[in-house]
2 protein chains.
Amino acid sequence: MQGQTPADGQEPALRSLTTALRVLQCFSMEEPELGVTEIALRLGVGKSTVHRILTTLERNGFVRKDETTRRYRLGLSVLTLGGILMSNLEIYREGQHLLESFVNRFDETVHLAVLEGLSTVYVSKIESKHPVPMLTHLGRKNPLHCTSSGKAILAFQEDELIQEVIRRGLTRYTRTTITDPEQLLLRLEDIRRQGFATSEGELRDGVSSVAVPVRDYTRKVVGAVTVVGPTYRFTPDKVRTLARQLLDVGREISTRLGYYVRRSP
Amino acid sequence: MQGQTPADGQEPALRSLTTALRVLQCFSMEEPELGVTEIALRLGVGKSTVHRILTTLERNGFVRKDETTRRYRLGLSVLTLGGILMSNLEIYREGQHLLESFVNRFDETVHLAVLEGLSTVYVSKIESKHPVPMLTHLGRKNPLHCTSSGKAILAFQEDELIQEVIRRGLTRYTRTTITDPEQLLLRLEDIRRQGFATSEGELRDGVSSVAVPVRDYTRKVVGAVTVVGPTYRFTPDKVRTLARQLLDVGREISTRLGYYVRRSP
DNA sequence: CAGGGCTGTTCCTGTCTGCGGAACAGGCGC
DNA sequence: GCGCCTGTTCCGCAGACAGGAACAGCCCTG
C-alpha cells in the first residue's frame, strides 16, 4: 500500500466522464433544477468544469437549459434510455400485466423492485385510483432495511450482503425504522419463514406496505413485488389477504423468469 | 480543414464525454445488448477507448456487464434519471390522470408526446386492456412527418422548423407515408383547420392514430395527446368520436399548463 | 437609479489524461 | 486442437481537460 501504485482497486476510470455522471446524479426529485455554481460546490470541482460538462450534456439532450433562469434540468435523452432499459428488463416485461390485474382487483398501488447494489430500485409502478400522491416514482432508490420490498429481497441474499447493509448503518427514518442489527436479523428470519415482508411506516410515517420476493431461473431472489398504501387502510386482516394474493403474483412472475419449485429441498 | 480553428460552431465539447454519450445512445430496443468491438466499429473509435468508457459507465450503474457473455446493456441508473425527469415534467404530471380516465372510458392505448429537436418523444404511455404489444415505449423517438402526434405538433410550429423537417427528407416507412413536401404542407393546413391530426399506417402498416396538440402558457404547442390502435378498429366514425374527446383532453391539459383561450384572435 | 453581490460564461495555460495501436488472454466453433 | 473471434491490458505521445481568474449579466437592495 505504501508503493507508488495506490492500487485502489479500480484503475481505468475516465475523469471527465466520471464527473459528468456525478453531475447527472446531482439531479433529484427534490432538486430537479440546478445551477452551475451549486453543482460545482457540491462536487468540489471548478465552475468552468461543470459548465463545460453541462454544455456537452445539453448538446446531446441529457440536460436542458432553461434560457430564462439559466439553470439546468434533465433532458429527454435520459427518458429514451430509461424506456429502452425497461422494455428489455425481463422482470418488467413479465410482471407488468400481472401487476395491472392485481391493481384492478384490489385498487392499491403496486411496485416492482429490483436489487441494485445496496438499494432497491423501482422498475415499475402502477397506481391505484385513489391517488397516493408521489410517494415514490419510477427509478426511485430506497434502502434495503426499511421497506418491505427491501427486506423481502435482503432476507434471501448471502449473509455477506446482509452484513454489509448492517455495516453501513441502519439509518433511522421514522419511529418504527429497524435500527438494531439483531432485530433486523430476526425480522429477516421471520420473512424467510412466512415468505413475505411488511413495513408499517418504517421509511415514511403513515405509509405501510407488503412485499414478496421474486426469483429467476438461477433460484436467486432478484426482486420483489410490493403493495403500498396508507397505514390506516392496511389492517392486519387486509395485510393477510394482500400477502396471500401477492404470493401468487410473485410465484407467477418467478415462474415466467424460469424459476421452478424444486420437489425436495 | 487547412485552418487551425475549424470554428465548427461549437467549441467547448468534451471529447471523452461526447463519445461516452454516443456509446449510451448505441443501445436501442432492437439491440439492448452490445459488445465492445461492435460499439467501437459503429462509432469509429478504438476498442480500448470503448472499453474504458464502458468500465467507467458500469462503475456508476449506467451500464451493466453480463459476466457470462461479456456484453453490456443499460443499467438502472438511467431509469433513476428517467423517473426524476418524468416526475418533474409538468406536462406529464398534469396529463397523467386525464389520460388514465380516457383509457378507462375508451379502452384504447394513449400516449403523451413532446417535441424534442426534429422528433417527438413519448413521455407517457397508458395501455388499453387489449394488449397492443410493444409498438412503442416510453422515451421512444419518432419522426414528425409520419405520426399523428408528430403532425399535430409540427402543424403549429414556425415555418422554419417545418422547412427543416422537409429539408432533412421525408423518409418513407409504409405505402401511406407522406413523402411529398407539398402534400405534407396541405395536410398540416388541414390539421390547423380541424384541430387534430390522424395517421393511417403512415409509420407502421396496420397502425392508426389520432392526435391533438397541447399548448403551454406561452401559447406554443409543446406536445400532443394521441390514441393508437389497429387500423381495423379505427373506423371513420370512431376516429371522429375519439378526436372530439381527445380535443377536450388536450384543452384541459393545456389549461393546466397555463394556457387560456383568447377571446378574439 | 446606481451599486454590490450574486450568478453564468469565457479565456488561458500547464499538466496529466485519455486515445489508439499492438500485444495478451480466453472461449467458442469449426 | 487449432484458428479466429471476442474482451482486456499495456504504453507512449499528443493534446485535451481542469481550474483559476477575468468578464458579463441579472437581481435585489439600499
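The values are calculated or read from the model by the stated rules, or taken from the named source; none is laboratory data. These numbers were taken from a predicted model, which means no experiment stands behind them. A quick note on method: Cβ atoms are made from the backbone with ideal geometry, for glycine too, and the neighbour counts reach across all protein chains shown. Keep in mind that these areas ignore ligands, DNA and RNA; they rest on the heavy atoms of the full protein, side chains included. Shrake-Rupley method; radii C 1.70, N 1.55, O 1.52, S 1.80 Å.
A Cβ distance below 7 Å, combined with a sequence gap of six or more or placement on separate chains, defines the contacts here; from segment B:188-205, residues that are closer than 22 Å to B:Gln245 by Cβ reach residues that are buried (at least 19 other Cβ atoms within 10 Å of the Cβ) and among the charged types (D, E, K, R) in the pairs B:Ile191/B:Lys151; B:Ala197/B:Lys151. If you go through segment A:26-65 and pick out every residue that is within 7 Å of another protein chain (Cβ to nearest Cβ) and free of Cβ contacts under 8 Å to residues at least 12 places away in the same chain, you end up with 4. If you go through segment B:40-50 and pick out every residue that is in a helix (DSSP H, G or I) and closer than 18 Å to A:Ala20 by Cβ, you end up with 3. Picking from residues in segment A:7-24 that are farther than 14 Å from A:Arg71 by Cβ, open to solvent by less than 80 Å² (accessible area, probe 1.4 Å) and more than 10 Å from DNA strand D (Cβ to nearest atom), the one that is modelled with the lowest pLDDT is A:Ala7. None of A:Val50, A:Val123 is more than 16 Å from DNA strand C (Cβ to nearest atom) and not small (Gly, Ala, Ser) except A:Val123.
Matching residues to (1) touching a Ser or Thr at 6+ places or on another chain (Cβ under 6 Å); (2) among the charged types (D, E, K, R); (3) at pLDDT 95 or above:
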position: A:Arg172; (1), (2), (3): yes, yes, yes
position: A:Pro181; (1), (2), (3): no, no, yes
position: A:Leu184; (1), (2), (3): no, no, yes
position: A:Arg193; (1), (2), (3): no, yes, yes
position: A:Tyr217; (1), (2), (3): no, no, no
position: A:Val225; (1), (2), (3): no, no, yes
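Per the listing A:Glu252, A:Glu202, the residue uniquely in the same structural domain as A:Thr176 (by TED's automatic domain parsing), surrounded by fewer than 20 Cβ atoms within 10 Å (Cβ to Cβ) and of a type in the set (Asp, Glu) is A:Glu252.
Residues of segment B:70-111 that are facing chain A (nearest Cβ under 9 Å), at pLDDT 95 or above and within 17 Å of B:Val212 (Cα to Cα): none at all. Residues that are small (Gly, Ala, Ser) and assigned to a helix (DSSP H, G or I) were ranked within segment A:206-253; the one that is farthest from the chain's Cα centre (by Cα) is A:Ala243. Here A:Asp190 does not fit the description of being outside any loop (DSSP other than H, G, I, E, B), open to solvent by 60 Å² or more (accessible area, probe 1.4 Å) and more than 20 Å from A:Thr171 (Cβ to Cβ).
For segment A:53-71, which positions are open to solvent by 40 Å² or more (accessible area, probe 1.4 Å) and within 7 Å of DNA strand C (Cβ to nearest atom)? A:Lys65, A:Arg70, A:Arg71, listed by residue number. Mind listing just one residue for me: the one in segment B:113-146 that is within 18 Å of B:Pro213 (Cβ to Cβ), open to solvent by 10 Å² or more (accessible area, probe 1.4 Å) and touching a residue at least 60 places away in the same chain (Cβ under 8 Å) and, of those, nearest to the other protein chains (Cβ to nearest Cβ)? If we take residues in segment B:113-146 being within 18 Å of B:Pro213 (Cβ to Cβ), open to solvent by 10 Å² or more (accessible area, probe 1.4 Å) and touching a residue at least 60 places away in the same chain (Cβ under 8 Å), then B:Val114 is nearest to the other protein chains (Cβ to nearest Cβ).
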